[in-house]
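Bear in mind these aren't lab numbers, they're just calculated from the coordinates by the rules spelled out. These figures come from a predicted structure and were not determined experimentally. Neighbour counts run over all protein chains shown; Cβ positions are idealised from the backbone, glycine included.
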Amino acid sequence: MEFQEKRKLKRFLYSRITLVLLLIVIAFLIRAVWGVYQKQEMTKDNLAKTATVYNNLQAREKILSSEIERLETVNGLEEEIREKYGLIKPDEEVIIIVDEGEDKNPPLNSSSVSLWQKIWNWLQ
């Protein structure tokens, strides 16, 4: 009797219906594992992007902190005001340096110069 029960069980386990059902279950499991793998890869990419953004923000924070420290000093504040608004102290003078390599009158292109400009240039 025990032998016949084992035989029935073995026949059921090795039947085509059981194997088809087992393959269907395996296919669903593989699909689920693939979905989890894709989500894990996407999360890894997002983590790398977030780490890059975080590092950039930390660097920017350091730059801004040093700028704030500079502006909290009298010299730093004076330098910033002079740079932005072009102010000078009462006993100072402004000196403008002109590069000697630049022509005061650039050569005129004959195609872009009108007839009146040519006559005016000739009279001068």
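Numbers below:
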{"quantity": "Helical contribution to [θ] at 222 nm, DSSP H n ≥ 4, -39,500 (n - 2.57), averaged over the chain, rounded to 500", "calculated": "-25000 deg cm²/dmol"}
{"quantity": "C-alpha long axis of helix 16-71 to longest principal axis of the chain, angle in °", "calculated": "20 degrees"}
{"quantity": "Cα pair distances of region 43-90 binned at 5 Å [whole percent]", "calculated": "5, 19, 14, 14, 11, 9, 9, 7, 6, 4, 1, 1, 0"}
{"quantity": "Between helix 2-13 and the chain: long-axis angle, C-alpha atoms, 0 to 90°, nearest 10", "calculated": "30 degrees"}
{"quantity": "Approximate spin-label separation Glu80-Gln58, in nm, with each point projected 7 Å along Cα-to-Cβ", "calculated": "2.6 nm"}
{"quantity": "Filtered GluC sites (Glu not before Pro), region 21-86: DSSP coil and at most 15 other beta carbons within 10 Å", "calculated": "Glu72"}
{"quantity": "Degrees separating the helix 74-85 axis from the principal Cα axis of the chain, which is the longest one", "calculated": "80 degrees"}
{"quantity": "Sparsely packed chymotrypsin sites (Phe, Trp or Tyr not before Pro) within region 2-103, loop by DSSP, other Cβ within 10 Å at most 11", "calculated": "Tyr14"}
